[in-house]
Amino acid sequence: MSKAVHLTPHQLGRLERGDRKYLDTQTLELLAKAFSLTNLEKREFFTAAVGLSDRVLFSKEEPETQLNRLIRTMEQVSVPAFALDVYGDFVVANKISMDLFCITQELLDYAHTIPIGFNVMKFIYSSEFGFKNIIGPGWRRMASIEMLLFRRATLRYRHTEYFDYLLKNLLKEKQFDIDWYTSHRSPEAYDFTYEKFEYNHPRYGPISYIATESVVNTRAGDLYMLIYNPSDKITTDLFQELRGNGNNSVKKLAAWPEKKMV
């Protein structure tokens, strides 16, 4: 490792102990390469190197205040919307998004009883939630995108007890295990600004939408709000039908900002 980053063993030891806190750009780039970070992970790695925590950077509002504002926004839109935290846990989701992915109250009750039941990677990789059946042949592409985003979001939090708990349970899914250890080789400079998805939903038929991400900075870590914007009339009509005449109610799912281990 010391040769890879052009440091002596003594200098590397100081870095590992935290004695050396300020690194030049070249050393950071060499460390990122030595750790085989994806392009999205590199961005988080460089941010972490500044040494300022979210609590210091975003200290004006309580996280719960920001979450409540986000919920009100998601209730007003007529499209599927949900928010993930830095661990990829579903924090909140509106009615349309849950109907789109066939999330029943029974399934929600079940998710509350199992480890990481509200994690997006658990939802994607586990057969218990039926996500592969909903997405069909496009599952592989969506899983690859979500893996890169998961690696990005969790990078600065992998030292935490909750991440250890999360990863331990995710690795029980065989395909996740494979993808987690191979995804760092991805050459994509991927950034989830918008992405189009088209597939034949088993319940609703052909649908087409553009997924967009908005990042809400909080002192308890970022929240990532995903909104699915319909890209044809059939999907527009479907989302309106799923909303119905009532309020597009939002459910709180995973614990946030404090994390709980089942």
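Could you calculate the FRET efficiency of Thr182 with Asn217 from 1/(1 + (r/R0)^6), where r is the beta carbon distance between them and R0 is 35 Å, rounded to 0.05?
0.70
Quote the charge dipole size of region 60-252 about the Cα centre in Debye, to the nearest 20; the model charges only the Cβ of Lys and Arg (+1) and of Asp and Glu (-1).
With only Lys, Arg, Asp and Glu charged at Cβ, the dipole is about 200 debye.
Could you sort the peptides 221-232, 83-94 by per-residue average Cβ neighbour count (10 Å cutoff), highest mean leading?
Going from most to least packed, we get 83-94, 221-232.
Tabulate in residue order the Karplus-calculated ³J(HN,Hα) for region 67-72, using 6.51 cos²θ - 1.76 cosθ + 1.60 with θ = phi - 60°, rounded to whole Hz; enter x for Gly and Pro.
5, 5, 5, 5, 4, 4
Report, in listed order, any pair from Lys95/Lys168; Lys196/Lys259; Lys174/Lys260; Lys95/Lys122; Lys60/Lys168 with a Cα-Cα distance greater than 28 Å.
Check vs 28 Å cut-off fails for Lys95/Lys168; Lys196/Lys259; Lys60/Lys168.
Would you please put 114-127, 196-209 in order of how densely packed they are, using the mean number of other Cβ atoms within 10 angstrom per residue and starting with the highest?
For the peptides 114-127, 196-209, the packing ranking is 114-127, 196-209.
Read-outs: derived from the displayed coordinates by stated rules, not from any lab. Source: prediction; values computed, not measured. Backbone-built Cβ (ideal geometry, glycine too); neighbour counts: all protein chains shown.
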